[in-house]
Amino acid sequence: MSNEQLTCRYCKNTFPNSRTNCPHCALPQLFPNVSNAESPKEKQKLEDSFLRKQRECAADGRRNEFDRFHAAASNSHAQFACPLLKLHREIAAGTDIFETYYQLEELRLRATAQPDLDWDKLRPQAEIELLGSHQNIERLHYACLSLDWESLVSYGDCLVRLDESKISHRASCFQGNTAVLFFLKGSFASLLRSTWEDRGKIAVTIAANRLPGGALDTEFAKILVALGKDPVDDEFIEVHVFGTMTVRTFAEVKFLASCGGRRESVYRDAIIEKLDQANIQHA
């Protein structure tokens, strides 16, 4: 990806896809993760994989389930889980700008159960592979596609649903945990990514093999996010959001029962005060 060039929609000149705006006319604001997902090569790879899985499901009598899951996932939301103390630091006691992994690694969808994986090395390497350059790797936030509130609850006791209107233009999707997949494969050349608009397409393509015949719509949430024995075995569609986030990037916050202790209630109340000020729903 690092040698690919973009053509400015305004001045029509070309420039490296690692840029976040045209160096010639300074327009517009660009998002490298989205630019990469929009490349003809990536879009064709996704389309070919989607059609292949569609044919396979049609051949074994699962076309209806395939289509219904595709429709459901096309309306999925982006969600992440984080510890209560992390949310308190960012929302109630911080600068209002949500930090990325490079400031505070707990924000990321992360797995800690495998000590043989060096996450501090894997994550930057995976992001360079993902973005095609070392530039901008400090500007990604991570979430996953979800259809309910139960997704990846092992990553924290606070669940945050992101406001689609604040992220759709700068979000891309990937077929799993980028750090784990980079460790396993060393390259993303054979893996799928998509724009936010095509999130249903990548979701059904990746989940098709786990989609049973006769599956009910109520089962789709646990197929979209399939929890494994260890966090590294979780199967989900990772969402990459480029650029800054604040509390107003949130659509809703849910506190799990583990937030119910006396000390936790103090932190929770402080967070709720900030959420109320920003008119963000919470439960």
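The values are calculated or read from the model by the stated rules, or taken from the named source; none is laboratory data. These figures come from a predicted structure and were not determined experimentally. We place every Cβ from the backbone using ideal geometry, glycine too, and count neighbours over all the protein chains shown. Protein only, heavy atoms only, side chains kept; ligands, DNA and RNA dropped before computing areas. Shrake-Rupley method; radii C 1.70, N 1.55, O 1.52, S 1.80 Å.
Simple rule: put +1 on each Lys or Arg Cβ and -1 on each Asp or Glu Cβ in the chain, find the dipole, and look at 26, 266, 251; the Cα lying farthest toward the positive end is 26.
Only DSSP H runs of four or more residues enter the estimate; each adds -39500 (n - 2.57), and after division by the residues of the chain the mean residue ellipticity at 222 nm equals -10000 deg cm²/dmol.
In the chain, how many lysine pairs have Cα atoms under 13 Å apart, counting only pairs 8 or more places apart or on different chains?
Working: 43/201; 45/53; 45/201; 53/201.
Value for the chain: 4.
The calculated FRET efficiency for residue 39 paired with residue 219, based on their beta-carbon distance and R0 = 41 Å, is about 0.75. Protection proxy ranking, highest mean first, for peptides 212-218, 201-207, 224-230, 144-150: 201-207, 144-150, 224-230, 212-218, where packing is the per-residue count of other beta-carbon atoms within 10 Å, averaged.
On a per residue basis, region 1-40 carries 57 Å² of accessible surface, using protein heavy atoms and a 1.4 Å probe. Could you tell me the calculated FRET efficiency between residue 63 and residue 276, based on Cβ-Cβ distance and R0 = 41 angstrom, to the nearest 0.05? E between residue 63 and residue 276, to the nearest 0.05, is 0.30. Heavy atoms of the protein chains alone define the surface here; on that basis region 186-283 has 47 Å² accessible area per residue at 1.4 Å probe size.
The apolar share of the surface of the chain, taken as the fraction of accessible area on carbon and sulfur atoms (1.4 Å probe, ligands and nucleic acids excluded), comes to 49 percent.
Relative contact order of region 192-283, please, whole-number percent, based on alpha carbon pairs below 8 angstrom and at least 6 residues apart. For region 192-283, the relative contact order is 20 percent. Annotation for region 30-99 versus region 206-222: alpha-carbon center distance of 16 Å. Placing +1 on the Cβ of every Lys and Arg and -1 on the Cβ of every Asp and Glu, with no other charges, gives the chain a dipole of roughly 580 debye about its Cα centre.
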